[in-house]
Amino acid sequence: MKQKKYILQESEIPTQWYNIQADMKTKPMPPIHPATHEPLKVEDLAHIFPLECCKQELDTEHAWIDIPEDVLEKYKYYRATPLVRAYALEEALGTPAHIYFKNESVNPLGSHKINSALPQCYYAKQEGTTNVTTETGAGQWGAALSYAAKVYGLEAAVYQVKISMRQKPYRSSIMRTFGATVEGSPSMSTRAGKDIITADPNHQGSLGTAISEAVELATTTPNCKYTLGSVLNHVGLHQTIIGLEAEKQMAMAGEYPDMVIACFGGGSNFGGIAFPFMRHNILDGKTTEFIAAEPNSCPKLTRGEFRYDFGDEAGYTPLLPMYTLGHNFRPANIHAGGLRYHGAGVIVSQLIKDGLMHGVDIPQLESFDAGILFARTEGIIPAPESCHAIAATIREAKKCIETGEEKVILFNLSGHGLIDMTAYDNYLSGDLTNYRITDEEIQSNLEGTLEI
Ligand SMILES: *Cc1c(COP(=O)(O)O)cnc(C)c1O
């Protein structure tokens, strides 16, 4: 009998997150202050984020960090998530590869984002915060944060990228259902939003504009902290619960991945599934290949440059050393809203420089081809973001047909696409297009960054 699903008992759920910074041979460069270029310390971040998150952000010493008891109890409402062997997909492709996916779509919010929303709200509450703010692109992070805020008795204010609010109106409804206040960004409710609208009245918004507005609200409101669903080190840390579970489940399957693949917006689901396995490349001589799949309309991993750049459009955040397309970069309005971010995050950028992983860029149509095949074989409609991971997996599985190799490929299914059916409708009626940007566009956007 073929076994398809690998399930962990509650008692087997890991009780610590894995902090790869502690094991990295080359530590990531520090974030720096935009005016003084001084490396930032915990105190410099603590007026924006919960203190515990700031400590985790800059922690390059402790490889294992305890998951607070209360967060672990909340995790148990939906964790452990299943690891699944995708036999039907393998068969449809005719590949000798063994394809596994970790299914992070099976929680009430529908994506991996809840894994970090819960601890961020927990720490905020512990520290006496009453309000949290954030930005959201496709709406998954906003939905997860709105729910987690409610769980911990916090008020949530969410800035949602304007274009995605129109593409995915139900995500705003979800956030409001959980009790959050939702505004389209750029909005007239912050100085940053007003400036952006004044410069361009038709601005459709981006993660960059929404981050600027949420940070401004957090820094000008008492007892209010900003939270982020991607990019930062502490977010990737919380997501390592994915890979740590997967490691146990792969062992149950009697296999170890030759390749680990995830889609890439700011790197949290990628880091979440990849870092626990990458640990064995760094420490134990394993040779697993790590692939981050980005949209080719927003190719910071494959065509961006390593610079100090702002995390947001208005320039409110510290400067981060990362592969970037420039903070003014305006990605095309692709449906994978969660992948429309200009930078790669600090840890991943260093890992790319060190040759421990690499990016691959996927055209929009190829991502939906992959998503449709996955839906028709495995019965799950993937989020447009996750389709990029599936497309990269299919590319690798097809290579195995040529070489005859039985590679073990593990990918992360970061979320389901049930609230993204407009995107699928567009694809099915032939209305979707590919977007590719020119080298000139990339170069001109990089002008506002700092060379390293
Ligand atoms: C937010 C999101 C992403 C992209 O964010 P990462 O931090 O790169 O993981 C990918 N998939 C889904 C379903 C998301 O909600």
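The values are calculated or read from the model by the stated rules, or taken from the named source; none is laboratory data. Note that the structure is predicted; figures quoted are calculated from it, not measured. Neighbour counts run over all protein chains shown; Cβ positions are idealised from the backbone, glycine included. Only protein heavy atoms, including side chains, enter the accessible area calculation; ligands, DNA and RNA are left aside. Shrake-Rupley method; radii C 1.70, N 1.55, O 1.52, S 1.80 Å.
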Using a basic spin-label model with each label point 7 Å from the Cα along Cα→Cβ, how many nm lie between residue 76 and residue 251? 2.1
From the square roots a ≥ b ≥ c of the eigenvalues of the alpha-carbon gyration tensor of the range 248-340, which class results: rounded (a/c under 1.5), prolate (a/b over b/c), or oblate? prolate
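Rank these residues by their accessible area, most exposed first, probe 1.4 Å: 134, 377. Kindly include the intermediate steps, with their values, before the conclusion.
Values: 134 0, 377 35 Å².
I get 377, 134, largest accessible area first.
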Taking θ = phi - 60°, what integer Hz values does the Karplus form 6.51 cos²θ - 1.76 cosθ + 1.60 yield along the range 373-386, in sequence order, with x for Gly and Pro? 4, 5, 4, 6, 9, 8, x, 10, 8, x, 4, x, 5, 4
Round to the nearest 10 and report in Å² the accessible area of residue 196, as given by a 1.4 Å probe over the protein chains' heavy atoms. 20
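Sort 152, 316, 226 by heavy-atom solvent-accessible area, probe 1.4 angstrom, most to least. Show your work: numbers first, answer last.
On the way: 152 25, 316 70, 226 5 Å².
Reading off the accessible areas and sorting them downward yields 316, 152, 226.
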Using θ = phi - 60° and Karplus 6.51 cos²θ - 1.76 cosθ + 1.60, couplings along the range 17-24 (whole Hz; Gly, Pro as x): 8, 9, 9, 5, 4, 5, 9, 5
List the residues whose amide H sits under 5 Å from the amide H of residue 16, counting only those 5 or more places along or on another chain, with H placed 1.01 Å from N in the peptide plane. 67
Over all alpha-carbon pairs in the chain, figure out the percentage whose distance exceeds 27 Å. 48
Would you mind working out the accessible area per residue for the chain, using a 1.4 Å probe, and quoting it in Å²? 37
Fraction of accessible area attributable to carbon and sulfur, the range 341-422 (%, probe 1.4 Å): 53
Two-site label geometry, residue 435 and residue 15: point separation in nm, points 7 Å out along Cα→Cβ: 4.7
Taking the Cβ-Cβ separation of residue 287 and residue 443 as r and a Förster radius of 30 Å, what is the calculated FRET efficiency to the nearest 0.05? 0.30
Out of residues 5 or more away from residue 112 or on other chains, whose amide H comes under 5 Å of its own, with H placed 1.01 Å from N in the peptide plane? none
Leading residue at positive end of dipole, the range 183-299 (Cβ point charges), from 228, 217, 264: 217
If DNA, RNA and ligands are ignored and the probe is 1.4 Å, what is the ranking of 98, 37 by accessible area, most exposed first? 37, 98
Long-range amide H partners of residue 182, meaning residues 5 or more apart or on another chain whose placed amide H is closer than 5 Å, are 158
Label-to-label distance, nm, for residues given as residue 37 and residue 62 (7 Å Cα→Cβ offset): 3.3
Could you go through the range 196-202 in sequence order and give the Karplus-derived ³J(HN,Hα) for each residue, using 6.51 cos²θ - 1.76 cosθ + 1.60 with θ = phi - 60°, rounded to whole Hz, and x for Gly and Pro? 5, 5, 4, 6, 8, x, 9
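Of all the accessible heavy-atom surface of the range 32-83, with the other protein chains kept in place and a 1.4 Å probe, what percent is carbon and sulfur? Write down the numbers at each step before the final one.
On the way: 1400 of 2690 Å².
Its accessible area is 52 percent carbon and sulfur atoms.
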On a C-alpha basis, how far is the centre of the range 287-324 from the centre of the range 59-135 in Å? Whole number, if you could? 22
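I'd like the carbon and sulfur percentage of the solvent accessible area for the range 96-212, probe radius 1.4 Å, heavy atoms only, ligands and nucleic acids excluded. Intermediate results must be reported in sequence, preceding the final value.
Details: 2040 of 3800 Å².
Roughly 54 percent of what the probe reaches on the range 96-212 is carbon or sulfur.
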